[in-house]
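Report on one structure; see the data block that follows.
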Amino acid sequence: MQSITRVHLMDYHAGRATPLQARLIEEWLQQPENRALFYETLHAWESQQLQYVADTETALERYQLFMQQGNQPMAAKPVSRRLWSWKPWFAAAGVLLLCSGWLFRDTLQYKTYQTEYSQVLPVELPDGSHVTLNANSTLKYPRFDFGSGPRNVLLNGEARFSVVHTKDHRRFVVKTDRNLDVEVLGTEFVVFNRERGTRVVLMQGKVQLNFQKQGRTLTMKPGDQVTLTPVGSYALTKQPKPEEVAAWTHYRYVFADTKLSEIAQLMKENYGYEVRIPNQNLAQRMVSGTFNAKDGNELLNALQLVLNLQVERVGKHITLTEKN
């Protein structure tokens, strides 16, 4: 195969590659070790086109469409923009682009979904698996390597997974920043991975947890709940109604002897509220029941009525006390 150089790749990004050159680059890209150079030259080309609005999503969509259809890529359409003639501005822009190179590398390598407070987002992955992303959460997966090896995704926050089984039995792995990997072949489960800890609840199928620091594995069965603390210890318990753990996918919360202090943490994670409970007896009060709430106000109002609370609000800072 003809050697692919940086010049060939820059011509490809600019839409100047011949059909033969484009086909050779397509074959060259089948080797994973070549993709880093492709990402690097793509970023370099976008950085040099100051008369264009840098749009990595559109550029990658053009590339993926070409890979699927085998057509010659079309050059990006320029966006009308006045070009400043200030030399100092160009110098500063060059420094900024160089410093932001690694940031763009992450954007090029990973597809990212991120939810806002109060937002629940359904996501379909390239393999047909479905993910429901809870509020204030982030899901990432490799753009090009997701289908060629283990199906790795990175989660920060909370999500429900419905994973499809592949004919070649490729693993599906949810990676966290807590040295815990959740590995499955085809199943439904919920992963909670936030500052206060990590929790995995299995609805259907089989899940293997890989504790990286301890070098241990644990196989879960339907109804199992494993809780990992920030210090690395874990507890295996039974969840009699595992579906209730994912009730938030329908904007519902099911509490069973849940401390008000834990609900306050949930409101911080899902809605961005800073909840203060000065009375420790009130903070330890148990709450049970099902609450429908599409936003933090609805949940807060329901708790206020059920527990007879006095609520003081200043923006998103909330103080809960008992009514006299």
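The values are calculated or read from the model by the stated rules, or taken from the named source; none is laboratory data. On a predicted model such as this, the values are computed, not experimentally measured, just so you know. As a convention, Cβ positions derive from the backbone with ideal geometry for all residues, glycine included, and neighbour counts pool all protein chains shown. Accessible surface is based on the protein model in full, side chains and every heavy atom, while ligands, DNA and RNA are left aside. Shrake-Rupley method; radii C 1.70, N 1.55, O 1.52, S 1.80 Å.
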Residues of the stretch 180-198 being in contact (Cβ under 8 Å) with a residue 40 or more places away in the chain and either closer than 21 Å to His165 by Cβ or not in a loop (DSSP other than H, G, I, E, B) (or both), which ones? Leu180, Val190, Arg194
Across the stretch 136-159, what is the number of residues that are in a loop (DSSP other than H, G, I, E, B), touching a Leu at 6+ places or on another chain (Cβ under 9 Å) and modelled with pLDDT of 95 or more? 1
Selection from the stretch 108-135 of residues of a type outside the set (S, T, N, Q) and assigned to a strand (DSSP E or B) yields Tyr110, Lys111, Tyr113, Leu121, Pro122, Val123, Glu124, His130, Val131, Leu133
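What are the residues in the stretch 249-272 that are assigned to a helix (DSSP H, G or I) and open to solvent by less than 20 Å² (accessible area, probe 1.4 Å), if any?
First pass over the stretch 249-272, keeping only residues assigned to a helix (DSSP H, G or I): 249-250, 260-271.
Leu260, Ile263, Ala264, Met267, Asn270, Tyr271 - these are the residues of the stretch 249-272 that are assigned to a helix (DSSP H, G or I) and open to solvent by less than 20 Å² (accessible area, probe 1.4 Å).
Please determine, by comparing only the residues of the stretch 207-248 that are polar (S, T, N, Q), open to solvent by less than 70 Å² (accessible area, probe 1.4 Å) and assigned to a loop (DSSP other than H, G, I, E, B), which one is nearest to Val184 (Cα to Cα).
Narrowing the stretch 207-248 to residues polar (S, T, N, Q): 208, 210, 212, 214, 217, 219, 225, 227, 229, 233, 237, 239.
Among the residues that remain, those that are also open to solvent by less than 70 Å² (accessible area, probe 1.4 Å) are: 208, 210, 225, 227, 229, 233, 237, 239.
If we keep only those that are assigned to a loop (DSSP other than H, G, I, E, B) too, we end up with 229, 233, 239.
On the way: Thr229: 22, Ser233: 22, Gln239: 19 Å.
Of everything passing the filter in the stretch 207-248, Gln239 is nearest to Val184 (Cα to Cα).
Considering only residues that are touching a residue at least 60 places away in the same chain (Cβ under 8 Å) and either more than 19 Å from Ala44 (Cα to Cα) or surrounded by 14 or more Cβ atoms within 10 Å (Cβ to Cβ) (or both), which ones fall in the stretch 14-28? Walk me through it before giving the result.
To start, the set of residues in the stretch 14-28 that are touching a residue at least 60 places away in the same chain (Cβ under 8 Å) comprises 14-15.
Across the stretch 14-28, the qualifying residue is only Ala14.
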Candidate set from the stretch 160-170 (those that are free of Cβ contacts under 8 Å to residues at least 40 places away in the same chain and assigned to a strand (DSSP E or B)); member that is surrounded by the fewest Cβ atoms within 10 Å (Cβ to Cβ): Ser162
Could you check how many residues of the stretch 235-270 are among the hydroxyl-bearing types (Ser, Thr, Tyr) and in contact with a Ser or Thr (Cβ under 6 Å, 6 or more places away or on another chain)? 1
Take the residues of the stretch 1-33 that are part of a helix (DSSP H, G or I) and of a type in the set (Val, Ile, Thr): which is modelled with the lowest pLDDT? Ile25
Please give the number of the condition Leu185 fails out of (1) of a type in the set (A, V, I, L, M, F, W, C); (2) open to solvent by 20 Å² or more (accessible area, probe 1.4 Å); (3) in contact with a Lys or Arg (Cβ under 6 Å, 6 or more places away or on another chain). (3)
For the stretch 198-217, which residues satisfy the criterion of being in contact with a Pro (Cβ under 8 Å, 6 or more places away or on another chain), within 14 Å of Val245 (Cβ to Cβ) and either of a type outside the set (A, V, I, L, M, F, W, C) or modelled with pLDDT under 90 (or both)? Gln204
